[in-house]
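Notes follow once the structure below has been shown.
The values are calculated or read from the model by the stated rules, or taken from the named source; none is laboratory data. All figures in this text were calculated on a predicted structure; none of them were measured in a lab. FYI the Cβ positions are ideal-geometry reconstructions off the backbone, even for glycines, and counts take in every protein chain you see.
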Amino acid sequence: MKATIWFTNNLRTLDHPLLHKACKEATTVEALYCYDPSLFKEDTKGVVKIGPYRKKFLIESLLDLQEQLERLHIPLHILVGKPEKEIPTLLENIGATDLFYQKNWHEEERQIEKAVRENLNKQLSYHHAYDQFLITPSELPFEVSELPRVFTVFRKQIEKQCSIAAPLPIPKAIDQNIKAKVSQEWETIYKEVASIKNDPRTAFPFKGGSQSGLDRINSYFWDTDHVAVYKKTRNGMIGTSYSTKFSPWLANGSVSARTIYQMLKQYETERTSNESTYWVFFELLWREFFKYVGLKHGNLLFKSGGILKKEFAQGQDNNLFLKWKEGNTSNSFINAHMKELSKTGWMSNRGRQNVASYWSKTLGQDWRRGAAYFESMLLDYDVDSNWGNWMYTSGVGNDPRDRIFDPNRQAKMYDPHGTFQKKWLQESLF
Ligand code: FAD
């Protein structure tokens, strides 16, 4: 078997089921990543799918993956172009017999997979696995179609009936010597990211890649013990320590949720186990829940009425959109968050809830436009977490209470001295 692993948003070698399987079963193992430049440019509607901050983080993650795979003697072929054109050509050139790729459940990704397969002249064997979950669909105590609508019901069933598998180790180096084929454009692309600078005010000053993700976990757990006070700090908005900041690594799969869970359990056994350490797990279950909402409901995530198929505000005011996006609304708490997002690709969970509720409920605008803007800007963009949380906050998803946030009240509670607002609104200081 001549195996090729197609990496997408699973950019790691630790706890990678498909890599593990290929290394066990194949005679040769190669890897590929296809970088599609069209995702980084404005489309016909003027939307950029992947904005500058995520682009930088992604490229750093790929450079790190290249090094990880080199240690295993596995070449990472980096293609630049449309996957449906580039991948079949590469697979034919290298004589692959088996293609390994993670199971996706959203239409765009599945269309790409389908087109890749259709454009191959030769029949390959395909190997799939789910690669984003803590608990895979086959380990669930219910069918995905029976997923509860309310998070608490889901959480209780998982906590009572499931155990979380240990992460798989990094496979051993293979005895092979194959040169990686790297597209000529790649060098220009990765050199370009040096020009994308971090705003010194950012709450997320970290680099992409598994190594920096694992360093962050170690620092948040062992070096600082911040995890032991997470429940008290998690609604913060300033600096690196108020929350874990694991989401960007989780989103592109450079660290797996099972790895974080295992490290958390180790911390609880060897150092402290309290309400805060439990709460990190609780939040990881939110991520899990939204992944299952996406798996169950598919394209309903992107419909105005959401999974509730409910009538909802459809406002399409371009002027309001510009004001919201640029942080020029009449509310300074909202503005500070939106400026933070546009200058760093980061926003706290508290901020996200407020600006989303403000856009869809207070301004009565189409929530999907806000979600698409988040998709473009967020460092940690994840289909299910983003669209699931937007539906939730906009009242067409899984929130049983359908709340509306009052940003003035929220500012009093979470930014009582206006420190956060000053940080982002006093531009002249920077
Ligand atoms: P922590 O507070 O430290 O939580 C630990 C981990 O738990 C996070 O890394 C994340 O994986 C998970 N988590 C925490 N809260 C949530 C949540 N509400 N939903 C899903 N997972 C959660 N998260 C993303 O990862 N990608 C997105 O695209 C995204 N879009 C969002 C859009 C809106 C409108 C809202 C309200 C929330 C969104 N979130 C998204 C969820 C949440 O805001 C981020 O996961 C969190 O702020 C990331 O910071 P952290 O890693 O420090 O989280």
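Can you find a residue in the stretch 183-202 that is surrounded by fewer than 18 Cβ atoms within 10 Å (Cβ to Cβ), free of Cβ contacts under 8 Å to residues at least 40 places away in the same chain and within 24 Å of Phe289 (Cα to Cα)? Checked against the condition, which is being surrounded by fewer than 18 Cβ atoms within 10 Å (Cβ to Cβ), free of Cβ contacts under 8 Å to residues at least 40 places away in the same chain and within 24 Å of Phe289 (Cα to Cα), the stretch 183-202 yields no hits at all. Restricting the search to the stretch 113-141, which residues are touching a Pro at 6+ places or on another chain (Cβ under 8 Å) and closer than 27 Å to Val280 by Cα? Hits for the stretch 113-141 are Ala129, Tyr130, Asp131. When the residues of the stretch 364-379 are filtered to those that are outside any helix (DSSP H, G or I) and surrounded by fewer than 21 Cβ atoms within 10 Å (Cβ to Cβ), the one that is nearest to the chain's Cα centre (by Cα) is Asp366. Considering the stretch 217-248 alone, what residues qualify as being more than 10 Å from the ligand (Cβ to nearest atom), hydroxyl-bearing (Ser, Thr, Tyr) and either touching a Gly at 6+ places or on another chain (Cβ under 7 Å) or not in a loop (DSSP other than H, G, I, E, B) (or both)? Answer for the stretch 217-248, where residues must be more than 10 Å from the ligand (Cβ to nearest atom), hydroxyl-bearing (Ser, Thr, Tyr) and either touching a Gly at 6+ places or on another chain (Cβ under 7 Å) or not in a loop (DSSP other than H, G, I, E, B) (or both): just Ser219.
Evaluating Glu340 against the criteria (1) surrounded by fewer than 21 Cβ atoms within 10 Å (Cβ to Cβ); (2) more than 24 Å from Phe289 (Cβ to Cβ); (3) within 13 Å of the ligand (Cβ to nearest atom) leaves one unmet condition, (1).
Condition check for Ser138 on (1) farther than 30 Å from Lys2 by Cα; (2) outside any loop (DSSP other than H, G, I, E, B); (3) of a type in the set (Gly, Ala, Ser); (4) free of Cβ contacts under 8 Å to residues at least 24 places away in the same chain: one failure, at (1).
Please specify each residue of the stretch 203-244 satisfying the condition of being among the basic types (Lys, Arg), under 25 Å from Asn10 (Cα atoms) and surrounded by fewer than 20 Cβ atoms within 10 Å (Cβ to Cβ).
At the first step, the residues of the stretch 203-244 found to be among the basic types (Lys, Arg) are 207, 216, 231-232, 234.
Applying the additional criterion that residues be under 25 Å from Asn10 (Cα atoms) yields 207, 216.
Correct list: Lys207 only.
Is there any pair with a first residue in the stretch 279-308 that is farther than 18 Å from Asn9 by Cβ and near the ligand (Cβ under 8 Å from one of its atoms) and a second that is in a helix (DSSP H, G or I) and among the aromatic types (Phe, Trp, Tyr) whose Cβ atoms are under 6 Å apart and which are 6 or more apart or on different chains, and what are they? These pairs meet every condition: Val280/Tyr230; Phe289/Phe151; Phe289/Phe154. Within the stretch 376-409, the residues that satisfy the criterion of being under 17 Å from Gly327 (Cα atoms) and within 15 Å of the ligand (Cβ to nearest atom) are Ser376, Met377, Leu378, Pro407. Residues that are out of contact with any helix residue (DSSP H, G or I) (no Cβ under 7 Å at 6 or more places or on another chain) and closer than 21 Å to Leu308 by Cβ within the stretch 144-162 comprise Glu146, Arg149, Val150, Thr152, Val153, listed in sequence order. For the stretch 352-375, residues that are of a type outside the set (Ser, Thr, Tyr), under 20 Å from His106 (Cα atoms) and more than 10 Å from the ligand (Cβ to nearest atom) total 3.
Taking the criterion of being within 13 Å of the ligand (Cβ to nearest atom) and farther than 11 Å from Ile217 by Cα, the residues of the stretch 255-270 that qualify are Ser256, Ala257, Arg258. Highlighted here are the helices (runs of 4 or more DSSP H) found entirely within the stretch 249-361 that include at least 3 residues which are over 18 Å from Arg234 (Cβ atoms) and at pLDDT 95 or above: 257-270, 275-297, 318-326, 332-344.
In the list Asp98, Asp64, which residue meets the criterion of being touching a Gly at 6+ places or on another chain (Cβ under 8 Å) and surrounded by 15 or more Cβ atoms within 10 Å (Cβ to Cβ)?
Answer to the check: Asp64.
Tyr414 meets the conditions (1) crowded, with 22+ Cβ neighbours inside 10 Å; (2) within 14 Å of the ligand (Cβ to nearest atom); (3) not acidic (Asp, Glu) in every case but one. The failed one is (1).
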